Amino acid sequence: DSYLNENQIISSAILAGAQAIHPGYGFLSENAHFARLCRKNGLVFIGPQPESMERLSDKAVLKELIKNTGLSVIPGTKAVASVEDAVKEADKIGYPVMLKACAGGGGRGIRLIRSADDIEEAYLQATTEAASAFGDGSVYLEKYIYPARHVELQILADEQGNVVCLGDRDCSLQRRNQKLIEETPSPAVSDEQRNEIMTLAVDAIKKIGYVGVGTLEFLLDKQGRFWFMEMNVRLQVEHAVSEMLTLVDLVKWQIRTAAGVSLPFSQTDIPMKGAVIECRINALSPGTVSLLHVPGGPFVRFDTYLVQGVAVSPFYDSLVGKLIVYAATREEALRKMRAALCELVIDGVETNIAEQLRIISDPRFSSGRYDLTMMEG
């Protein structure tokens, strides 16, 4: 009734004399209908063109496009129309398999299937959840790669065909497909691997003709092979990790590329020295913030909507802030993050600050030898 009321948003923009609308990284950021509505009313949608969004937001369709770019794609299917089709396709792929929503993201509409006995329930749950979250209940199957790490590449492209990659982000610290901590560079990726996958990613973006900011997401298996998983055609929640490393303001360049401005820098101009870690600060309960103390100091950033006295609602995403630190080495970044978490105080609302401190101090994380299984159980 508020953030998804497209007509009201368009009316507000016109009354305000706005030239463009930035959809953030949720709600309408991957909504092709809203992008078309902006165009119809003479407003620029700061994001991909609706035609590009439709072509790339369907994960099953996108994988067919990516197969022709040189990147390895996780074996899988196009959209499966029924439980019976899902059983047939899963038998071909081999168990275990992942059932995933064709549209959307954020860990919704995903189910792990270990045998044919699990398919019917998983199919009904995933399609219902996907339809509720994204307005599209279609799902597809892909091979379950296990154990693995979740590594993504940040892309920035302009209308003139210039494309740069702002490095990788390791997002393997997750619970129930929800990211908790992100870092760059990934401690699991060598410089040689990084240069190779970044080159392939830039070439892939050029071939599919994408413009704006976007993220290519991969699973990294224990043999060190990258398997393309999906592409996010929007700003990521964790974009600040890449901004801190490269000093490139992604939101600024998202707006500029939407205005037709060409990138004034090339791949060799982008610094990638040091290490960045981000902890997502989530509310575990609703409430009103009675005290807020934000850590400061060089290269410490806290992105949040919180101020003292603000009410945290139970009706939206639980994310209330992102704590990001930069340092010359990963070891220094870990020390800085521990100090910053100890300084961060949010009273009146229960949060996961203490848990994040435990995770950062866990030998599995501090050594860099973690994967998607770390938070299981």
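General remarks:
- Relative contact order of the chain, defined on C-alpha pairs under 8 angstrom at six or more residues apart (%): 15
- For the residues Ile208, Ile9, a 1.4 Å probe over the protein chains yields an accessible-area ranking, largest first, of Ile9, Ile208.
- Helix-only CD estimate at 222 nm, as mean residue ellipticity for the chain, using -39500 (n - 2.57) per DSSP H run (n ≥ 4): -10000 deg cm²/dmol
- A probe of 1.4 angstrom, applied to the heavy atoms of all protein chains, finds Ser367 with accessible area near 50 square angstrom.
- The solvent-accessible area of Tyr316, taken with every protein chain present and a 1.4 Å probe, is close to 120 Å².
- Positive-end residue, the chain charge dipole about Cα centroid, Cβ charges, pick of Val294, Tyr316, Met375: Val294
- Residue with peak Gaussian network fluctuation, the chain [Cα springs, cutoff 10 Å], from Pro48, Pro187, Pro298: Pro298
- Pairwise Cα inverse-distance average, inverted: Kirkwood Rh of the chain (Å): 21.7
- Sparsely packed loop sites in the range 266-325 (the trypsin sites (Lys or Arg not before Pro) outside DSSP H, G, I, E and B with at most 16 other Cβ atoms within 10 Å) comprise Lys273.
- For the range 109-180, carbon and sulfur atoms together expose 44% of the accessible surface, with a 1.4 angstrom probe and every protein chain in place.
- At the residue level, Met98 shows approximately 20 square angstrom of accessible surface with a 1.4 angstrom probe and all protein chains present.
- Ligands, DNA and RNA are left out, and with a 1.4 angstrom probe the accessible area of the chain is 45 Å² per residue.
- Extent along the principal axes, Cα only, for the range 153-263: 41, 26, 23 Å, with the longest axis given first.
- Largest accessible area first, the residues Phe226, Phe365, Phe315 order themselves as Phe315, Phe226, Phe365 under a 1.4 Å probe with ligands, DNA and RNA left out.
The values are calculated or read from the model by the stated rules, or taken from the named source; none is laboratory data. All values derive from a computational prediction rather than experimental measurement. All Cβ positions, even for glycine, are placed from backbone atoms using ideal geometry, and neighbour counts span all protein chains on display. These accessible areas exclude ligands, DNA and RNA; they are computed on the full protein's heavy atoms, side chains included. Shrake-Rupley method; radii C 1.70, N 1.55, O 1.52, S 1.80 Å.
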